[in-house]
1. Please state, rounded to one decimal and in Å, the Kirkwood hydrodynamic radius that region 164-311 gives when every pair of distinct Cα atoms enters the mean of 1/r.
2. So which residue, out of 181, 287, 98, gets the largest mean-square fluctuation from a GNM of the chain using Cα contacts under 10 Å as springs?
3. Just need the relative contact order of region 27-68 here, percent rounded to a whole number, with Cα pairs under 8 Å and 6+ apart.
4. Answer with one residue from 21, 39, 237: the one whose Cα lies farthest towards the positive end of the charge dipole of the chain, charges on Cβ with Lys, Arg +1 and Asp, Glu -1.
5. Please work out the average accessible area per residue across region 1-153, using the 1.4 Å probe convention, and give it in Å².
6. Specify the residue with the greatest mean-square fluctuation among 182, 236, 272, computed from a Gaussian network of the chain linking alpha-carbon atoms under 10 Å apart.
7. Tell me, what is the 1.4 Å probe accessible area of residue 103, in Å² to the nearest 10?
8. With the contact rule set at Cα under 8 Å and sequence spacing of 6 or more, what percent relative contact order holds for region 213-301?
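The values are calculated or read from the model by the stated rules, or taken from the named source; none is laboratory data. Quick caveat: nothing in here was measured; it's all calculated off a predicted structure. Backbone-built Cβ (ideal geometry, glycine too); neighbour counts: all protein chains shown. What goes into the accessible areas is simple: the full protein's heavy atoms, side chains included, and nothing from ligands, DNA or RNA. Shrake-Rupley method; radii C 1.70, N 1.55, O 1.52, S 1.80 Å.
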Amino acid sequence: MSEELSEAVDELGARLKAYEGRAAAVAGVGKDPVNAPMIRHWCEAMGDTSPAYRGPGAIAPPTMLQVWTMGGLSGHEGRTDAYDELLGLLDESGCTSVVATDCEQEYPRPLRPGDEVTFDAVIESVSDRKTTKLGTGYFVTTRMDVRVDGELAGTHRFRILKYAPARRESQAKRPRRPRPVVNRDTSGFWEGVAEHRLLIQRCTGCGTLRHPWLPGCNACGCLDWDTVEASGEGTVYSYVVMHHPPFPAFEPPYAVGLIELAEGVRMVSNVVGVPYDKVRIGLPVRVEFRGYEDEEGALVLPVFRVVEGEG
């Protein structure tokens, strides 16, 4: 990097850092109180049958935290200009692309139907200049504090990468296969896959099996869990055939199935071993671990192969 460009980058970084601690929203008010119908819709969509979310003493699922702060198409009053100014500076510097990277939530107290939610948001941090596979830019983290009657009920941190897209390599080179997002909640699953083991979470409170991996039990709310190793046997519960849009490293058409494992949980993965137009609901499959190698190193992924003689 030239000295002139380095100085320009340092100057931009300093300007961006000046926004840390500035308010992005002040005295926001939830459009609706916490309410039972929205809780019911959420639980039906997520397949969450916990009794804690229904009945006279119901609470709202903690992961609904952001639902109660959404402004809809009309937005919220109390939004400041700071966040828009920050993004504008990044746009002017060439960081015109954005991707959400992760979010973190904390739940000091449960929300209950009838609670009136207020919130404020702050630009918590702007990273130093980072170079990623997508391009070069800055990670921007905002923190929203959600309150009821002045008491902190939840904290939501949302992080984006605002970046200048990297130049694409020659199209003649085969694109790298996308890698799964691995975080603190799912790392155990992917560690098992690397060892050619398909691990399912099991609640130690009520014994319920669950996938995908979650920090707590949908059925009883218990936060303690262990794992069981799946047999790898399953059936195609549902499937789609991908024709469009095309994705790098994948050659359409190909079948993506929702696989019901013998243990009762369901998992999304590719169905292999038969032509895409031969995949059917109810087809028996067995897990197969496929290894890939690229510049980032080794990668193991579970796919499901149709049981021989059943295609």
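1. Hydrodynamic radius (Kirkwood, Cα only) of region 164-311 equals 17.0 Å.
2. Looking only at 181, 287, 98, the largest GNM fluctuation is found for 181.
3. Details: 20 pairs, mean separation 18.9, N = 42.
With pairs under 8 Å counted, the relative contact order is 45 percent.
4. Checking the options against the dipole of the chain, the answer is 237.
5. Result: 58 Å² per residue.
6. 182
7. Surface accessible to solvent at residue 103 totals approximately 80 Å².
8. Worked out over region 213-301, it gives 26 percent.
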